[in-house]
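Read-outs: derived from the displayed coordinates by stated rules, not from any lab. These numbers come from a predicted model, not from an experiment. Positions of Cβ are backbone-derived with ideal geometry, glycine not excepted, and every protein chain shown enters the neighbour counts.
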Amino acid sequence: MKWLVLLGLVAFSECIVKIPLTKVNIMQETLGEKGLLNNFLKEHAYRLSKISTRNSDITSVPLRNFLDLMYIGNITIGSPPQQFSVIIDTSSSDLWVSFIYCQAPSCSKYLRYNPKTSSSFQSDEGKHIKLTYGSGSITGVLATDTVRIGGLIAKSQTFVLSMNKLSGALEQAPYDGIMGLAYPSLAILGTPPIFDNLNKNGIISEPVFAFFISSWPHKSSLLMLGGVDHAYHKGALKWVPVTEAGLWQITVDRISMNRKVIACSGGCQAILDIGSSYLLGPTDIVRSILRSINPSPLQNEQRLISCHRTITLPPVIFTINGMDYPLTRKYYIQKVSEDICFITFNGGTENLSPPETWVLGDIFLRAYFTVFDRGNNRIGLARAV
């Protein structure tokens, strides 16, 4: 049986490697199988829109959920605007889109930026750069132009024009680039990320962005810029200090299940990352967790479990800054077929420093509305509606 490839999107510069993080592929399957990719493209035509909120200072940008693998939003670049769909990523800081001169077969399927049609385009002297992600790397040149997202305008925004696209599942996915929302220390050659451009020039009222992401068709996923719409969470936000001002990294007290600590017994670090599909941790620890959850795996694959056996599984509880954040089986178990389910833990973070570092990806972020507060270097968490 073939499986979908689920990816994380941590980036670093070719010149200065800022983070030694390579995220792992969990499943392997071509996205086009069973018509999933074609159906998605037909149902989600390109469009740029802004959702009104109760607070006029907040810009809410709709995000498309692509098969629970990635969340994609629309931007425009240039004058007149050229429209692109970009993967939103909180563990990288650069913005890149495909270049009109990209010769990769995957580039021809989607939109590419043409500098000749933009009156606001500025060349950056053809500086060649390379960005490396967990799923591959892209090479390209730096450029500057006007970028718009949800009605917000970032003038003189430096970005990368890519000559190729990432390999694996991302090569087949319906996107034209990636927009990073991590700290500026991770940006290539010291270029300002788009969020910092918007904040520095007073385009947003607060240096804050937030996510409401969902797997459910009746609930639209959103990126909020410049503020928080509190209608999307229950109870008060609980604030957690950022420990690493590069990635959105925090301290976790422990991870437990059935009143037993199963990981992070002496405290550990965790990265909040919308660019990662699942829950990632050190391989040996994840293996132990999988064995305790699933002592009788299917097809010799520890993450595959009979769906009827998941009904009694208890929540996995992440204790953060003294507060418990339970993930019920509704979130950490996904259905593959009528009878087969998938446990959404995977290893691969043991090369990070400190060695026990976790990546809390979309599985966690769907359960908890998340606010990224750059002004106070903190993350706010509350149960999503």
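Okay, here's what the table says:
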read-out: Inter-site label distance for D57 and D324 at 7 Å from Cα along Cβ, in nm; value: 3.6
read-out: Mean separation of Cα contacts under 8 Å, 6 or more apart, over the residue count of the range 230-384: relative contact order %; value: 34
read-out: Simple label model, 7 Å out from Cα along Cβ direction - S79 to L67, nm; value: 4.0
read-out: Percentage relative contact order, the range 176-295, counting C-alpha pairs under 8 Å, at least six apart; value: 16
read-out: Cross-link pairs beyond the 32 Å C-alpha cut-off, checked among K127/K219; K200/K238; K260/K335; K130/K234; value: K127/K219; K130/K234
read-out: Per-pair calculated FRET efficiency, R0 = 45 Å: A104 and S306 via Cβ, rounded to 0.05; value: 0.65
read-out: Reachable aspartates and glutamates from K330, criterion Cα separation under 19 angstrom, eight or more residues apart if same chain; value: D68, E338, D339, D362
read-out: Highest average packing first - 106-113, 331-338, 363-370, Cβ atoms within 10 Å; value: 363-370, 106-113, 331-338
read-out: FRET efficiency estimate (nearest 0.05) - Cβ-Cβ, R287 to K238, R0 45 angstrom; value: 0.90
